[in-house]
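Contents: one structure, followed by commentary.
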Amino acid sequence: MAQQVQAVIAPGKDEPVRVETIVIPDPGPGEAVVKVQACGVCHTDLHYKQGGINDEFPFLLGHEAAGVVESVGEGVTDVAPGDFVILNWRAVCGQCRACLRGRPWYCFDTHNAKQKMTLLDGTELSPALGIGAFAEKTLVASGQCTKVDPEVAPEVAGLLGCGVMAGIGAAINTGQVGRGDSVAVIGCGGVGDAAIAGARLAGAAKIIAVDIDDRKLETAKKMGATHTVNSRTSDPVEAIRALTDGNGADVVIEAVGRPETYEQAFYARDLAGTVVLVGVPTPDMKLELPLLDVFGRGGSLTSSWYGDCLPSRDFPMLVDLHQQGRLDLTAFVTETIGLRDIEQAFARMHDGDVLRSVVVF
Ligand code: APR
Ligand code: ZN
Ligand code: ZN
């Protein structure tokens, strides 16, 4: 039987979000209904609300979530009611060229839930990033659910579903940070800090944190940064070179999404180093570089898509490392809040006061 739950809707471009009653259908073939226990507030939710992603309003926001499977539809064998799961954006097909080449994060044919969640009047909702978890319950494809150790706190587990995975994955999967490497991370918000934690996990010898805000640099030290650079007061490229015997860093991770920081990342790497771009630019931004500088540098310049993660491999592994005390995911949770507090959480995010506000149910 379809059921009614409370959820946070973005009704229209730039309108404040509001709590509404929504209707969740019974899971159809390949689908699951998940009782959400925690969901982090991410920048992408704000972008959806502002109409920056598309105009398929009304949106059901929230996509960094963990919870318990309540019921499953026909043919679902990968998860069962009672399983504690972290949600991911897309159920991959396993059969397209990208999937067969072992890069399912580029899957061309993802299968999210086919049925729609609706408002009481039948208006269909667009779930943000295919999830929509600022809701007591949500409908997803079973392939979006990854089982993990149920002992982990839900507000910590949920973060692996987006920002923290994007950052850690940028370091360990995309950047392939190795033992003894020097790593520079430009932009130390939640994503950059996660990249720092990932670099520490991978055994980097030097981790240089760059930000324009001293408060962020203090937090970055707690995540594992060995050196900090305030790029308002000193040139970050010069500073990174000076800290790496004049060479530049083996891996530079850009986690801001602006032309000037993309350019800094480009020049702060060792000639054979890797630049990993995680910060998302806006459509109007451009980068102009002398071609000779592009040609004259080896190494690689790459972007990281969802931390190039394999949820079934990476989510349980990172939960395990957290449980063992080797990766402190709790440090990313600045505050836990209720469904009605999301507008304030957006404001605090804008002011740079939080790494993550997490809605708990
Ligand atoms: N140079 C260095 N750091 C900067 C600059 C700059 N010019 N401008 C902003 N920053 C810092 C901010 O001070 C902040 O600490 O970048 C950090 C950005 O952090 P958040 O706003 O918390 O964003 P976060 O959630 O970490 O995401 C960063 O990654 O996935 C993408 O869409 C996301 O583009 C965003 C980026
Ligand atoms: Zn595929
Ligand atoms: Zn997100």
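The values are calculated or read from the model by the stated rules, or taken from the named source; none is laboratory data. Since we're looking at a predicted model, the values are computed, not measured. Using ideal geometry, Cβ is built from the backbone for each residue, glycine included, and neighbour counts are taken over all protein chains shown. These accessible areas exclude ligands, DNA and RNA; they are computed on the full protein's heavy atoms, side chains included. Shrake-Rupley method; radii C 1.70, N 1.55, O 1.52, S 1.80 Å.
How would you classify the stretch 87-172 from its alpha-carbon gyration tensor, with a ≥ b ≥ c the square roots of the eigenvalues: rounded for a/c under 1.5, else prolate if a/b is greater than b/c, otherwise oblate?
oblate
Could you work out what % of the accessible surface of the stretch 203-285 is carbon and sulfur, using a 1.4 angstrom probe and leaving DNA, RNA and ligands out of the count?
51 percent
7 Å from Cα along Cα→Cβ at both Phe295 and Gln324: what's the point-to-point distance in nm?
4.8 nm
Cα convex hull of the chain: how many Å³ per residue?
In the chain, the Cα hull volume divided by residue count equals 130 Å³.
Among the trypsin sites (Lys or Arg not before Pro) in the stretch 301-361, which ones are in a DSSP loop with at most 12 other Cβ atoms within 10 Å of the Cβ? Mind listing them?
Arg326
Leaving out ligands and nucleic acids, note down the accessible area per residue over the stretch 10-87 with a 1.4 angstrom probe, in whole Å².
That works out to 38 Å² per residue.
Using a 1.4 Å probe over the heavy atoms of the protein chains, calculate the carbon and sulfur portion of the accessible area of the stretch 1-119 as a whole percent.
With neighbouring chains kept in place, the figure for the stretch 1-119 is 49 percent.
Considering Cα pairs under 8 angstrom that are at least six residues apart, work out the relative contact order of the chain and quote it in whole percent.
Rounded, it is 17 percent for the chain.
In the structure displayed, which of Lys49/Lys137; Lys221/Lys286; Lys13/Lys216; Lys35/Lys116 lie more than 22 Å apart, Cα to Cα?
Violating the 22 Å limit, Cα to Cα: Lys221/Lys286; Lys13/Lys216.
Between Val19 and Ser234, what is the label-to-label distance in nm when each label sits 7 Å out along the Cα-to-Cβ direction?
Label-label distance for Val19 and Ser234, simple model: 4.8 nm.
Give, rounded to the nearest 20 debye, the magnitude of the charge dipole that the stretch 128-239 has about its Cα centre when Lys and Arg contribute +1 at Cβ and Asp and Glu contribute -1 at Cβ.
Roughly 180 debye, rounded to the nearest 20.
Using the beta-carbon distance between Asp213 and Glu56 and R0 = 45 Å, what value does 1/(1 + (r/R0)^6) give for FRET efficiency, to the nearest 0.05?
The value I calculate is 0.85.
Using a ≥ b ≥ c from the Cα gyration tensor of the stretch 162-211 (square roots of the eigenvalues), is it rounded, prolate or oblate, where a/c under 1.5 gives rounded and otherwise the larger of a/b and b/c decides, a/b for prolate?
oblate
Would you mind working out the accessible area per residue for the stretch 108-207, using a 1.4 Å probe, and quoting it in Å²?
33 Å²
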